[in-house]
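The values are calculated or read from the model by the stated rules, or taken from the named source; none is laboratory data. The structure displayed is predicted, hence computed values, not measured ones. A quick note on method: Cβ atoms are made from the backbone with ideal geometry, for glycine too, and the neighbour counts reach across all protein chains shown. With ligands, DNA and RNA removed, areas are computed over all heavy atoms of the protein, side chains included. Shrake-Rupley method; radii C 1.70, N 1.55, O 1.52, S 1.80 Å.
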Amino acid sequence: MHYNPRTIALLAELHHPPLAPDPAPIQRVHNQMYQAGAPAYSSFAVTPAGAVLSNPVAVPNAASYAAFLPDRFQFREELTSLTVEGFARQVREVSELVARMRGIQVFTSQSITVRTLVNTRHFRDSRAYLKEGMFGFSVETESFGREPQLLGIRMVFPPADGSQSAFALRIESCAGDPRSLFIENQASFGPMLVENSTASIETNVMGAYEFVVQRTLNFIACFDMPFEEESASEEDEGF
């Protein structure tokens, strides 16, 4: 079944052994990107937590920045126009430059968060999809004396089959848009030696995203069925 996912947030954190804050290397990276043309970030700032590269945003609650904290690189694109492929490439390229400038030899772990909205095909309300389609509830929620206004499911997939990747998945109704399902995947990956290759940074971002738009949407489609077909079949059988 075809869906049109709308990715609303992409976050990436690359953890490394703690370092004393030093904004000078980040500023040199920023200058280097400007000299090369089409810099990933337009602004450089120093905050109490560390150096930050950022872009201006046009809508409320949006964010576009890379923060270099004592123990991690943190990248965030929220409600911006950057594609997932562009984000993955940007995280890898900027991380390579900063790691080289700061002498970082290993990223001890990487975490990726993908947040997406999607409309179901046969339900006008995501709460009805979850309650009736996925959970198969009928009158059971009357036990609470009121109808729940937010429903959801959480599943955790630990590392398996020799892989160091893990996924924590949430599928929920969306309070701000009842028509949409909210999907969040928090993915984690193992350590990586910088001198070998940083290509896995980009691969991991894409892997976290594909877990949503392929595997999770396939799962959602299993319950996205019209009830009219079931009713019609019962009438044909004389019920």
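Descriptive notes on the structure:
- Evaluation of Ile104 against the conditions (1) open to solvent by 50 Å² or more (accessible area, probe 1.4 Å); (2) out of contact with any strand residue (DSSP E or B) (no Cβ under 8 Å at 6 or more places or on another chain) shows that the sole unmet condition is (1).
- In region 17-66, the residues that are in contact (Cβ under 8 Å) with a residue 40 or more places away in the chain, in contact with an Asp or Glu (Cβ under 8 Å, 6 or more places away or on another chain) and hydrophobic (A, V, I, L, M, F, W, C): Leu19, Ala40
- Here region 41-88 is the region considered, the condition is being closer than 28 Å to Gly103 by Cβ and acidic (Asp, Glu), and the residue that is least open to solvent (accessible area, probe 1.4 Å) is Glu77.
- Residue identified as more than 15 Å from Val205 (Cα to Cα) and small (Gly, Ala, Ser) among Ser95, Ser42: Ser42
- Subset of region 209-228 that is of a type outside the set (A, V, I, L, M, F, W, C) and either within 19 Å of His122 (Cα to Cα) or open to solvent by 60 Å² or more (accessible area, probe 1.4 Å) (or both) - its residue that is farthest from the chain's Cα centre (by Cα): Glu228
- Single unsatisfied condition, Ile171 versus (1) open to solvent by 60 Å² or more (accessible area, probe 1.4 Å); (2) modelled with pLDDT of 90 or more; (3) closer than 22 Å to Ile8 by Cα; (4) not in a helix (DSSP H, G or I): (1)
- Residues in region 89-101 that are basic (Lys, Arg) and buried (at least 16 other Cβ atoms within 10 Å of the Cβ): Arg89, Arg92.
- Count of region 117-151 residues, restricted to those that are farther than 18 Å from Tyr3 by Cβ, in a loop (DSSP other than H, G, I, E, B) and either of a type in the set (Phe, Trp, Tyr) or open to solvent by 80 Å² or more (accessible area, probe 1.4 Å) (or both), is 7.
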